[in-house]
Amino acid sequence: MQFRLPRVRVSALLFSAALLVATGCGSTPPRTAAPAPSGNTGSAANTASAGAFPVTIDSALGQATITEQPERVVTLGQGSAETAIALGHTPVGIESYAWGSDKTGYLPWIHEAVTKAGGTLPKQFAGGENIDFDTIVELEPDVILAPWSGITQEQYDILKDIAPTVAYPDLAWSTNWDQQIEIIAKALGKPAEAPKLIASVKKRLADAAATRPQYKDVTFSYIYTTGPGTLGVFKPEEQRVEMVSSLGLTVDPVVGSFKETEGTDSAIIGLENAQKLAGSDLIFTFYTDAKTREEIEAQKLYAAIPAVKRGAVVAGDDTSFVTASSIINPLTVPWVIGRYLPLIDEAVAKLDG
């Protein structure tokens, strides 16, 4: 299992193999429909901002110059496909994430948004350490979007010879979700749409928070493990934590005292320090599988965490949910909220027991 801890890095980490980028909901609460794409690639091309091209976008790996409105978009990493779809550009190809996909073979929010709009589902191909360059070449992309990904310099140098490639501005897996929207909107000739899309995501979360006044003053920590004996805590700026806090809960102040593992938006504190989470009313976490969960919960120090002991734990067991609740973008947020709130409600109810 690839376990990466940079900003949602654990997402991918969990994504790749057994991982988790990733976590979900066994019973499926009423679904909040994802916003339909504004159109297909062709119609989107007609609504690009006047004078938007050519546009040059700098990244940590190189510079991408897009000379005209892209019609064939390919995405790598996480969140780029969803943002492109929300902007009306259904990609012709996307990196596949089998761990978080449902029986359709796609991440469900992508499948739902594209089919609802009557579009053609993107071709999926291998990404990560073994990018399927041959398939990308066959897709004949006009642009490759990878602003929130882990592509290497070597991979980038190959990709840029296929089409202008937009990589991350700083570190791999370190692009903020709103920054990612801004980058993709610029690359697709719709820079003016970025603020609107960002505002719509924030409003979805704020509206959900407004329905749950009981979350006020409830503290939480979002933790993870890489196996028995380990314990890590995600920092407040990490996307899955930001999603929960945007729903009205408060990050346990103790989290701020933990030293971040550089470039990961998380801190490895070790199971021996589990008692430091005693002030967390709720614990959020995820597991790669049922066996792992059983092993983790059997540990005495883990089981002694007050929130764990009283059962005030939010830990979904559906891989699609785990994935969606780990990344903030225009499609995951509306898809996951209806599934998330009942799980949190159940954990909050344990505080009155």
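The values are calculated or read from the model by the stated rules, or taken from the named source; none is laboratory data. Predicted model, so just to flag it, every value in this text is computed and none were measured. Positions of Cβ are generated from backbone atoms using ideal geometry, with glycine treated the same way; all protein chains shown enter the neighbour counts. Each accessible area value is taken on the protein alone, full model and side chains, heavy atoms only, with ligands, DNA and RNA left out. Shrake-Rupley method; radii C 1.70, N 1.55, O 1.52, S 1.80 Å.
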Heavy-atom accessible area of residue 160, protein chains in place, probe 1.4 angstrom, given in Å² to nearest 10, is 90
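Is segment 42-155 best put as rounded, prolate or oblate by its Cα gyration tensor, with a ≥ b ≥ c the root eigenvalues, rounded for a/c under 1.5, and otherwise prolate when a/b is larger than b/c, oblate when not?
oblate
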Distance in nm between residue 103 and residue 298 label points, each 7 Å along Cα→Cβ, equals 3.2
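Working with all protein chains in place, sort 196, 259 by solvent-accessible area computed with a 1.4 Å probe, largest first.
Numbers: 196 125, 259 180 Å².
Order by accessible area, largest first: 259, 196.
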Computed for segment 88-243: size of charge dipole around the Cα centre, +1 on C-beta of each Lys and Arg, -1 on C-beta of each Asp and Glu, debye to nearest 20, value 900
In order over segment 161-167: 3J(HN,Hα) from phi, Karplus 6.51/-1.76/1.60, θ = phi - 60°, whole Hz, x for each Gly or Pro, gives 7, 8, 6, x, 10, 9, 9
Cross-link reach from residue 160 to aspartates and glutamates, straight Cα distance under 19 Å and at least 8 residues apart if same chain, gives 58, 68, 71, 95, 129, 132, 134, 138, 140, 142, 170
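Against the 2.2 N^0.38 Å scaling, with N counting residues, where does the chain land? I'd like the Cα-based Rg ratio to two decimal places.
Values: Rg = 19.9 Å, N = 353, 2.2 N^0.38 = 20.4 Å.
Rg over 2.2 N^0.38 Å, computed on Cα atoms: 0.97.
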Ranking 185, 253, 228 by how far each Cα lies towards the positive end of the charge dipole of the chain (+1 on Lys and Arg Cβ, -1 on Asp and Glu Cβ), the top one is 253
With DSSP loop assignment and no more than 14 other C-beta atoms within 10 Å, the GluC sites (Glu not before Pro) in segment 207-304 are 237, 262
Checked segment 165-225 with the C-alpha gyration tensor, a ≥ b ≥ c its square-rooted eigenvalues, rounded below a/c of 1.5, otherwise prolate if a/b is larger than b/c and oblate if not; verdict oblate
By the C-alpha gyration tensor axes a ≥ b ≥ c (rounded if a/c is under 1.5, else prolate when a/b exceeds b/c, else oblate), the shape of segment 283-353 is oblate
For the pair residue 226 and residue 67, the simple spin-label estimate (label points 7 Å beyond Cα toward Cβ) gives in nm 4.5
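If you place +1 on the Cβ of every Lys and Arg and -1 on the Cβ of every Asp and Glu, how big does the dipole about the Cα centre of the chain come out, in debye to the nearest 20?
Values: 28 positive and 40 negative charges, 210 e Å.
It comes to approximately 1000 debye.
Could you give the size of the charge dipole of segment 211-353 about its Cα centre, using +1 on the Cβ of each K and R and -1 on the Cβ of each D and E, expressed in debye and rounded to the nearest 20?
Numbers: 13 positive and 19 negative charges, 50 e Å.
The dipole of segment 211-353 has a size of about 240 debye.
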The correct ranking of 111, 89 by accessible area at 1.4 Å, largest first, is 111, 89
Computed over the Cα atoms of segment 231-353, the Rg and Dmax in Å are 14.1, 40
Projected onto the charge dipole of the chain (unit charges on the beta-carbon of Lys, Arg, Asp and Glu, signs +1, +1, -1, -1), the Cα from 195, 214, 96 with the largest positive-side position is that of 214
